[in-house]
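Here the structure comes first, spelled out in structure tokens, and everything after it is commentary.
The values are calculated or read from the model by the stated rules, or taken from the named source; none is laboratory data. Because the structure is predicted, anything quoted here is derived from the model rather than measured. Virtual Cβ from ideal backbone geometry, glycine too; neighbours counted across all protein chains shown. Keep in mind that these areas ignore ligands, DNA and RNA; they rest on the heavy atoms of the full protein, side chains included. Shrake-Rupley method; radii C 1.70, N 1.55, O 1.52, S 1.80 Å.
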Amino acid sequence: MTNLDAAGSIPPSIRVELAHAAVCNLARRAGVDLLVVKGPGMDPLVGFKGRASADVDVLVRPDEVGRFLDLVKAHGWWARDRFETGSPFGHSTTLFHPTWGDLDVHRLIPGIGVDPSVAFDVFWASRIDVTLGGQPCPHPQPAAQALVLVLHAARSEGSPRAGQDVVHAWTDAPSEQQAAILALVDRLDAHVAWAAGTGDLEAFRGDSSYRLWAVASRGGGRLEEWRARVEAERSWRAKAMIALRAPLVNTDHLAMLLGHRPTRTEVLVEFVDRFRRGAVEMARRGKGRP
Amino acid sequence: MTHQQHWELAHDTGIVERNGLTYLAALPDGPIVVLDAVASVVLQVALDVSADDVTSEVAAAYGKVPTEVDAAVSECLSGLERARLLRRVGARG
């Protein structure tokens, strides 16, 4: 019997499966409701054969997110970023554990229009348990898994795997599965993001979130992204908050690039460089180049 | 009425079997423990038969006499028990 404590010496697929077991075990013991939204437990109708997973993705009941984060931190995970800095959608935060690797904690699924707690209830009501690493791990039912996967693909600009995900989970899905997915798109008001994931975004050109999903699914510069984020917000107060935050440096992202928490000087250099890059972007756009 | 004991995984044990190896973890904190091919067979047998029969079954699986494997089997199982991955429980039969 050999005791291996270093995560690096365990095959990644084994480590990821046991990481799912660890996270689900921890949540169950603490009475936190969560759902595994991607990964090795996906239904074969949804995840294509051989699709590898590098981390654990969970959707936590929104009003239990804070308690769950405190819980995992007490068990050795540390935060790589924050909801506010993790993505333009502010939907998830990533934590790292020396044995289990990365854990993405979602408080909402980008692209779903109904309130996050309503969406969670819909997923939770029809959840299924999938055994991973010998432990029961709650997952959304297969149509909901497919919806989440395609909505993820909608913000994975240029990713070949996201393209494969859409083909397998949607295009090639049986008609009954497709009908069940579309019913969820309606019920959860996910039409614009769904269209972005399935190549029909132009049908929503007049929608306030059109530009945001266009950038997420097709790419664009930082200026384009911030403009889209401002447009997508409904209240003037929220628009103003986004606009004010735009020039600030994302210190969590900079820390990942640098491999350490940035110094004041490094933050200042990045702050100045953002204006330079913005000017270059505008100049390129003026010349008609991407 | 007899009291037979058997081995079972602890409730909070994670387990994955792949390519003849067994990966165990005390959840939720770890670490991950890897059982080599022989230890994996010992565990499989221990989970299948009564505790008293594990040594003889393992010996039979490898064409040995029980005394040749007894020490190794005991060491393996007690190590897993100390790591809180495995527990010995009584069953009324």
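Data table
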quantity	calculated
Cys residues of the protein assembly as shown counted as unpaired, since no other Cys beta-carbon is under 4.7 Å	B:Cys76
Point-charge dipole on Cβ atoms (K/R +1, D/E -1) for chain B, about Cα centre, debye to 20	180 debye
Share of carbon and sulfur in the accessible heavy-atom surface of segment A:3-204 [1.4 Å probe, %]	53 percent
Fraction of antiparallel bridges per DSSP, segment A:53-132 only, in percent to nearest 5	65 percent
Pairwise label distance in nanometres, A:Ala30 with A:Arg218, each label 7 Å out on the Cα-Cβ vector	4.2 nm
Gain on full stretching of the segment that runs from A:Val272 to A:Ala52 - 0.36 nm per residue minus C-alpha separation	75.3 nm
Dipole magnitude (debye, nearest 20) for the protein assembly as shown, charges at Cβ of Lys, Arg, Asp, Glu	1900 debye
Dipole-positive endmost among A:His106, A:Val130, A:Val192 within the protein assembly as shown (Cβ charges, Cα centre)	A:Val192
Cα-centred dipole magnitude for segment A:3-204, charges only on beta-carbon of K, R (+1) and D, E (-1), debye, nearest 20	520 debye
Cα lying deepest toward the dipole's positive end in the protein assembly as shown, options A:Trp170, A:Leu69, A:His91, charges on Cβ	A:His91
Simple spin-label estimate for B:Ala60 and A:Ser9 in nanometres, 7 Å along Cα-Cβ	3.6 nm
Residue-normalised accessible area of segment B:6-86, given per residue in Å² at a 1.4 Å probe	48 Å²
Reachable aspartates and glutamates, given that their alpha-carbon falls under 18 Å from the alpha-carbon of A:Lys49 and they are not under 8 places away in the same chain	A:Glu17, A:Asp165, A:Asp172
Efficiency of FRET from Cβ geometry, B:Gln44 and A:His75, R₀ 35 Å, rounded to 0.05	0.75
Cα lying deepest toward the dipole's positive end in segment B:6-86, options B:Ser40, B:Ala25, B:Pro66, charges on Cβ	B:Ala25
Probe 1.4 Å, accessible area per residue of segment A:3-204, Å²	40 Å²
Per-residue HN-Hα couplings for segment B:74-80 [Karplus 6.51, -1.76, 1.60; θ = phi - 60°; Hz; x = Gly/Pro]	4, 5, 4, 5, 5, x, 5
Where N is the number of residues in segment A:3-204, Cα Rg divided by 2.2 N^0.38 Å	0.99
Over segment B:6-86, relative contact order from alpha-carbon pairs under 8 Å, at least 6 apart, %	31 percent
Anisotropy class of chain B from Cα gyration tensor, a/c 1.5 cut	oblate
Length-normalised contact order for segment A:3-204 - Cα pairs under 8 Å, 6+ apart - percent	23 percent
Inter-site label distance for A:Phe96 and A:Glu157 at 7 Å from Cα along Cβ, in nm	2.5 nm
Debye intensity ratio in log₁₀ form over the Cα atoms of the protein assembly as shown, taken at each q of 0.07, 0.09, 0.12 Å⁻¹	-0.41, -0.64, -0.99
